[in-house]
Structures are given as C-alpha cells and as structure tokens.
Amino acid sequence: MFRENESGKAKSVNVIIVGGGFGGLYAAKALAGKPVNVILIDKKNYHTFQPLLYQVATAVLSPGEIAEPLRRILRRARNINVIMAEVSGFDLAGTTVKLNDGTELSYDYLIVAAGARHTYFGHEDWEQYAPGLKTIEDSVDIRRRILLAFELAELKAQITGSHDPLHFAIIGGGPTGVELAGAIADIATRALARDFKAVDTTKTRITVYEGSCRILGIYPEHLSKKAVRQLEELGIGVVTGKMVTDVEAERIKVGDDWVPVSLALWATGVKASPLGRSFGVTVDGWGRVMVEPDLSVPGHPEIFIIGDMSSLVDIQGKPVPPLASAAIQEGKFASENILRDLSGKSRAKFKYRDWGSMAPIGRHRAVALIGRWGLSGFFAWLTWAFVHIFLLIGFRNRLSVFYEWIWAYFTRERSARLITGDINGILRKKTNARKS
Ligand SMILES: Cc1cc2nc3c(=O)[nH]c(=O)nc-3n(C[C@H](O)[C@H](O)[C@H](O)COP(=O)(O)OP(=O)(O)OC[C@H]3O[C@@H](n4cnc5c(N)ncnc54)[C@H](O)[C@@H]3O)c2cc1C
C-alpha cells in the first residue's frame with residue numbers, strides 16, 4: 001500500500017509495532033502479507049506464553065516449551081522485519097520511535113504493546129525477598145528459589161538432624177497466586193517426596209495471603225469458595241482480609257504479626273509499561289493509557305495502544321480485562337483499523353469477546369468461568385488444559401507440553417528440576433540479601 005508524499009511520489013506505509021507479546025504478535029500476524037512494511041521491535045528475541053510461566057517456575061515445563069523466537073513465528077511474512085532492541089521513547093511530532101542506542105525509526109502508524117510488570121506499591125526493595133512472575137527470567141529464578149529451599153532444609157537436616165519448618169507464602173490470591181500455590185503443593189507432596197531422605201517434604205506449609213475478603217475476586221463468589229475448598233484439599237492455607245505490610249529475608253509481616261517463611265512469592269500488583277506516559281495523555285491508576293474506542297491515543301489517530309498498556313470501556317460498556325485474550329483481539333483489531341484507513345473505510349470501534357477465564361489448582365483441579373457458566377474440579381482443569389494446548393504458539397511446543405503434562409500426570413514427576421548456578425554463588429547471594 002502506498003501513500004503520496006509531499007513531492008507527489010508514492011511512499012510505502014511503515015507500521016512499527018513495539019512489543020512481541022500477545023498484543024504485538026497478533027497485530028503483526030494480522031498485517032502479514034498485507035501491503036505495508038512492518039517492523040516488530042522487542043527487547044527479547046522471543047514471544048512468551050505467560051499463562052504457563054507458573055509451570056516453568058514449578059519445574060513442570062522448561063522455558064523453551066513456552067517461548068518461541070519471534071523470527072521463527074514470523075519468518076513466512078516477507079513484509080515483517082523483527083528487531084531485537086529496547087524502545088526508550090517516541091518523538092510524536094517527528095513520528096519516530098527512539099531506541100536505547102540512540103537510533104530513531106520513523107513510522108506512519110505505531111502500535112504499542114509493551115505490556116505490564118508487577119509493582120510493590122512503593123516498596124520495590126521487597127522484590128529481592130518476594131519475587132514476582134512475569135518473564136521467563138522470573139520463572140527460572142522462582143524455580144531456583146523453590147528447589148533451593150528444599151535442598152537447604154535437607155542439608156541442615158542431614159547435618160543437625162532437624163531443619164526449620166518449610167513454609168511457602170504466596171502474597172496475592174488472584175489466578176497466579178492460586179496457580180503457584182497448587183503447583184508447589186504438588187511438588188512438595190508428590191514430585192519431591194520420594195527423593196528427599198532427611199526432610200519430609202509432604203509436611204511443607206503453603207499459605208496464600210489475600211488482602212481483600214476473598215481469593216479470585218474476578219470470579220463469582222461461589223467459584224471463589226470452590227477454589228478455597230480445592231486449595232484446602234491440597235493442604236494449602238488461605239488467609240483473607242489481612243494485608244502483608246512488610247517483607248524481609250525469610251519473614252513477612254501479616255497485619256501486625258511476623259510470619260517466618262522459607263520463601264515468599266509476590267502475586268499481586270500490576271503496573272503498565274512506563275512507555276505509556278510518553279504520550280502525554282491521561283493514564284489510569286495502573287499507568288494504562290485511556291484509549292479511544294478505535295484503540296488510538298487521543299489526538300493521535302496514527303498511534304494505537306493495546307493489551308496490558310491500555311484501558312478501555314468497550315462499546316458494550318464493559319471494561320476490557322488485562323488478559324491475553326483481550327490483547328490478542330486488540331492486536332488484530334488495531335491492524336484491521338490501519339488497513340481500513342488505507343482502503344478509505346471508516347474505523348471500527350472495539351468490542352471485547354469474552355473467551356472465559358480459568359485458574360488451575362494443582363494436578364487436576366481448576367475453576368473456570370465461561371460466559372455465565374461456572375465450572376470447577378476435574379472438568380474445569382481438563383477444559384483449561386485443552387484451551388492452553390490449543391493457544392500455545394507452535395506445533396513443536398504443543399506436542400512437547402502435551403507430552404510433559406501426560407508424563408507429570410501419570411508419574412507425578414517433574415522433568416525440569418534444575419537449580420541454575422552453583423551452591424556457593426547461590427548461598428553468597430542469600431547471605432547478602434539477609435544482611436541488606
Ligand atoms: C503469570 C501470568 C499468568 C497469566 N495467565 C493468564 C491466563 O491464564 N489467561 C489470560 O488470558 N491472561 C493471562 N495473563 C495475562 C496475559 O499474559 C497478559 O494480559 C498479556 O500478556 C498482555 O499482552 P501484551 O501484549 O499487552 O503484553 P505482553 O504479553 O506482556 O508483551 C509485552 C512485550 O513487550 C516487550 N517490551 C516491553 N517493554 C519494551 C521496550 N521498552 N522495548 C521493547 N520491547 C518491550 C516485552 O519484552 C514483551 O515481549 C497472565 C499473566 C501473567 C504474568
């Protein structure tokens with residue numbers, strides 16, 4: 001597709017997409033083979049399937065099974081180039097994207113989908129003691145910390161005959177917190193139980209701490225109750241209505257009481273990419289840009305912001321949720337609006353289609369909400385498993401994840417139980433964290 005430039009000559013249309021997550025990737029796919037030049041920029045060279053990060057963190061899957069190189073995914077699209085670089089800002093008047101190395105790339109249309117990260121509500125120093133789960137690096141770090149807690153208990157028990165009680169605290173009772181808790185219970189009671197000699201891993205305590213009055217607040221109350229029941233069946237404690245007010249090495253403060261922990265994990269608080277503030281328009285409390293119904297930035301119809309970075313009440317009057325399904329739909333939709341512009345059609349307004357939401361709890365339990373239909377237990381878990389296999393990018397990943405799940409289900413084993421780094425380096429890090 002060409003536009004005329006000032007000298008009247010035809011000029012090809014350049015679309016820059018920032019972020020190769022769910023929003024950016026599906027925006028790019030919708031422009032594959034279309035008459036536009038596309039550059040997809042991401043600071044990573046791969047797309048991450050975030051809904052299964054918790055399975056890497058709990059040693060079910062390896063990182064490569066839930067991530068796929070962006071170049072490989074888009075290799076057949078001859079009009080799309082992938083660049084691995086970090087975007088530092090934008091020159092809106094000059095219509096350029098600024099990269100960290102000082103390079104500037106010009107665009108006719110810009111789609112920004114740089115996602116979100118967890119926030120510690122002004123206590124960013126808590127992150128070293130209670131890491132959150134957002135990237136592949138986070139999941140490998142959490143896996144290391146979980147497995148190390150068992151190893152250190154075993155070391156102490158072998159030498160002294162006893163060890164401190166193992167207690168994993170999950171701060172935040174949303175889907176990620178619930179998923180992590182269930183999966184850690186599985187490791188402790190099944191996968192590791194036969195391999196540790198001095199530690200009885202089945203006695204591991206796991207507690208989910210939720211500040212509001214119930215876990216899984218985005219689900220109807222009856223499903224929250226079913227989730228609590230399923231967690232309790234796995235021996236997991238659920239504490240609601242109490243805020244975690246401080247986090248230190250090996251202890252957290254719940255209300256006024258300090259609770260000793262082997263490991264705390266952070267599963268609450270999300271903040272949109274700081275790139276959203278570059279546009280000088282209104283952002284909500286999570287730092288998300290309030291976009292127009294066509295997903296463009298107010299005053300800049302050539303710029304679209306999608307996925308976890310944007311905030312919108314759609315034409316049905318419903319707030320669009322920060323979910324992969326929304327980011328996928330918005331990515332396709334923003335690209336379609338660009339193509340509409342280029343063919344002289346008027347733009348459409350975004351309408352979110354609810355694909356449902358699901359939270360697995362351990363090996364064969366889950367809660368799911370599909371439309372008004374609430375499910376729980378084994379059938380909900382089966383639905384979750386099929387949907388996630390289907391949505392994974394790449395046939396190789398689908399096959400490999402399916403194989404790992406079948407293996408883990410019947411053998412109760414975990415195939416990715418690697419602690420990366422040697423014990424001296426790891427212990428040095430731990431001691432430094434205690435001192436600071
Ligand atoms: C642990 C976890 C579990 C989840 N489970 C579910 C689930 O079960 N179901 C569901 O629907 N949703 C789930 N979500 C939410 C879902 O993953 C997000 O809503 C979705 O990923 C948002 O897509 P996005 O494109 O906006 O951002 P992302 O997918 O986060 O992609 C952002 C991309 O931008 C890149 N980037 C960021 N900053 C820059 C920069 N400055 N320069 C260049 N590149 C940059 C990043 O590297 C990344 O690739 C989960 C999220 C997490 C963290």
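Scanning the stretch 103-117 for residues that are within 13 Å of the ligand (Cβ to nearest atom) and surrounded by fewer than 19 Cβ atoms within 10 Å (Cβ to Cβ) returns T103, L105, R117.
Consider the stretch 50-81. How many of its residues are open to solvent by less than 10 Å² (accessible area, probe 1.4 Å), among the small types (G, A, S) and closer than 15 Å to E137 by Cβ? The number of residues fulfilling the criteria is 1. In the set (1) hydrophobic (A, V, I, L, M, F, W, C); (2) open to solvent by 50 Å² or more (accessible area, probe 1.4 Å); (3) farther than 28 Å from R372 by Cα; (4) at pLDDT below 95, the condition left unmet by W258 is number (4). Within the stretch 130-152, residues that are closer than 12 Å to R117 by Cβ and of a type in the set (A, V, I, L, M, F, W, C) reach partners that are in a helix (DSSP H, G or I) and open to solvent by 30 Å² or more (accessible area, probe 1.4 Å) with beta carbons closer than 7 Å, at six or more positions or on different chains, in the pairs L133/T176.
Annotation: of all residues in the stretch 3-19 being in a strand (DSSP E or B) and either touching a helix residue (DSSP H, G or I) at 6+ places or on another chain (Cβ under 9 Å) or farther than 17 Å from Y109 by Cα (or both), the one that is modelled with the lowest pLDDT is R3.
Within the stretch 228-247, how many residues turn out to be farther than 19 Å from E179 by Cβ, open to solvent by less than 40 Å² (accessible area, probe 1.4 Å) and part of a loop (DSSP other than H, G, I, E, B)? It would help to see each step written out before you state the result.
The first filter runs over the stretch 228-247 and keeps only residues farther than 19 Å from E179 by Cβ, leaving 241-243, 245-247.
Cutting the leftovers down to open to solvent by less than 40 Å² (accessible area, probe 1.4 Å) gives us 247.
Restricting the remaining residues to those that are part of a loop (DSSP other than H, G, I, E, B) gives none.
Qualifying residue count, the stretch 228-247: 0.
Kindly indicate the residue of the stretch 311-354 that is within 14 Å of D294 (Cα to Cα), among the hydroxyl-bearing types (S, T, Y) and open to solvent by 10 Å² or more (accessible area, probe 1.4 Å) and also farthest from the chain's Cα centre (by Cα) among those meeting that condition. In this case the residue turns out to be S346. Scanning the stretch 197-252 for residues that are of a type in the set (S, T, Y) and touching a Gly at 6+ places or on another chain (Cβ under 9 Å) turns up T202, T204, T207, Y209, S212, Y219, S224, T240, T245.
In the stretch 111-130, is there at least one residue being closer than 29 Å to L342 by Cβ and not small (G, A, S)?
Applying the first criterion (closer than 29 Å to L342 by Cβ) to the stretch 111-130 yields 111-115.
Subsequent filtering for residues that are not small (G, A, S) retains 111-112.
Yes: one or more hits.
When I338 is tested against (1) farther than 13 Å from F22 by Cα; (2) in contact with a helix residue (DSSP H, G or I) (Cβ under 8 Å, 6 or more places away or on another chain); (3) within 16 Å of the ligand (Cβ to nearest atom); (4) among the hydrophobic types (A, V, I, L, M, F, W, C), just one condition goes unmet, and that condition is (3). Sub-8 Å Cβ pairs linking a first residue in the stretch 245-256 that is under 16 Å from G122 (Cβ atoms) to a second residue that is small (G, A, S), at least 6 apart or interchain, are T245/G255; V247/A130; V247/A264, ordered by first then second residue. When each of D294, D256, D308 is tested for being touching a helix residue (DSSP H, G or I) at 6+ places or on another chain (Cβ under 7 Å) and more than 16 Å from the ligand (Cβ to nearest atom), the lone residue that passes is D294.
Among the residues of the stretch 82-102, the one identified as open to solvent by 30 Å² or more (accessible area, probe 1.4 Å), assigned to a strand (DSSP E or B) and more than 14 Å from the ligand (Cβ to nearest atom) is D91.
Residues that are surrounded by fewer than 22 Cβ atoms within 10 Å (Cβ to Cβ), within 12 Å of the ligand (Cβ to nearest atom) and assigned to a helix (DSSP H, G or I) within the stretch 20-49 are absent altogether.
Pick from the stretch 129-150 the residues that are of a type outside the set (A, V, I, L, M) and near the ligand (Cβ under 10 Å from one of its atoms): which of them is surrounded by the most Cβ atoms within 10 Å (Cβ to Cβ)? By that ranking, first place goes to S139.
Matching residues to (1) small (G, A, S); (2) closer than 28 Å to L110 by Cβ:
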position: L339; (1), (2): no, yes
position: S346; (1), (2): yes, yes
position: G362; (1), (2): yes, no
position: R372; (1), (2): no, no
position: L382; (1), (2): no, no
position: F402; (1), (2): no, no
position: I406; (1), (2): no, no
position: R417; (1), (2): no, no
position: N424; (1), (2): no, no
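Look through G241, G237, G173, G182 and report the one residue that is at positive phi and modelled with pLDDT of 95 or more. Within the list G241, G237, G173, G182, the selection yields G241.
The values are calculated or read from the model by the stated rules, or taken from the named source; none is laboratory data. What you see is a predicted model, and the numbers here were worked out from it, not measured in a lab. All Cβ positions, glycine included, derive from the backbone under ideal geometry; neighbour counts span all protein chains shown. Just so you know, the surface numbers come from the protein's heavy atoms only, side chains and all, with ligands and any DNA or RNA stripped out. Shrake-Rupley method; radii C 1.70, N 1.55, O 1.52, S 1.80 Å.
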